[in-house]
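Notes follow the structure.
The values are calculated or read from the model by the stated rules, or taken from the named source; none is laboratory data. Quantities reported herein were computed from a predicted structural model and do not represent experimental measurements. Cβ placement follows ideal geometry from the backbone for every residue including glycine, while neighbour counts extend to all protein chains displayed. Side chains are part of the model used for accessible areas, which takes the heavy atoms of the whole protein and leaves out ligands, DNA and RNA. Shrake-Rupley method; radii C 1.70, N 1.55, O 1.52, S 1.80 Å.
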Amino acid sequence: YVALYNETPQHRDNFIKLVREGYYDNVLFHRIIKDFMVQAGDPNSKDTTFTGALGAGDIGYKIPAEIAFPQCFHKHGALCAARQSDAVNPERASSGCQFYIVTGKVCTDQEITMLEQRVRAALEKPDFRYTDEIRLFYKTFGGTPHLDGSYTVFGEVVKGFEVLDILNGVKTGPSDRPLEPVRIITMSIVKNYKK
């Protein structure tokens, strides 16, 4: 189960629309990097005969960035929008369909302090500091703080972390693609989910 954030309404509404349309049914997790993230949503991955590189497929539109940091940060289980690099996408617009879920790793105080510098540059805020709450989360549960302020985080896993842990351990080959297909069978909308 994932919960979607109201702080990122365009991403939230687009994700709901695609789920309702069945867009993600039978899509592969085409990129898995251990202790970093798992990525899905490339429409080319639905074609079981497709042998090319995955990750470049799109739905024909982008979503303007909704970077709501620090409220929405790259903690373990964060649901985030994939996008092209700053070099070709300086406005940091998100893919209309591809997403990743953070697996990440637990960080030390020293690592977090060093990463604050990267986030300061991304946010163009020289006085930025992580809150005690975010720092504690990264030290306890982990995440990918080096992406904070650069990508849209639009939700988080609320149940099913054991599945995320299994995905994190999948063996991969070239381009971080799983050696065996790992597919999303179907997605559905569950309203008013209670933990």
Tally of residues being free of Cβ contacts under 8 Å to residues at least 60 places away in the same chain and open to solvent by less than 60 Å² (accessible area, probe 1.4 Å) across region 6-16:
1
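Could you look through region 17-39, keep only residues that are closer than 27 Å to Tyr130 by Cα and aliphatic (A, V, I, L, M), and pick out the one that is surrounded by the fewest Cβ atoms within 10 Å (Cβ to Cβ)? Can you show your working first?
Pass one, region 17-39, residues closer than 27 Å to Tyr130 by Cα: 33-39.
Retained after the next criterion (residues that are aliphatic (A, V, I, L, M)): 33, 37-38.
Working: Ile33: 14, Met37: 25, Val38: 24.
Here the residue is Ile33.
Could you list all residues from region 112-142 that are among the hydroxyl-bearing types (Ser, Thr, Tyr) and surrounded by 15 or more Cβ atoms within 10 Å (Cβ to Cβ)? Please lay out each step first, then the result.
Initially, region 112-142 is screened for residues among the hydroxyl-bearing types (Ser, Thr, Tyr), giving 113, 130-131, 138, 140.
Within region 112-142, Tyr130, Tyr138 qualify.
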I'm checking my understanding of the structure. Among residues of region 40-65 that are surrounded by 15 or more Cβ atoms within 10 Å (Cβ to Cβ) and among the acidic types (Asp, Glu), which one is farthest from Asn89 (Cα to Cα)?
Asp42
Taking Leu164 as the residue in question, decide whether it is assigned to a helix (DSSP H, G or I) and within 27 Å of Asp58 (Cβ to Cβ).
yes
Number of the condition not met by Ala3 [criteria: (1) of a type outside the set (Phe, Trp, Tyr); (2) open to solvent by less than 80 Å² (accessible area, probe 1.4 Å); (3) under 18 Å from Arg83 (Cβ atoms)]
(3)
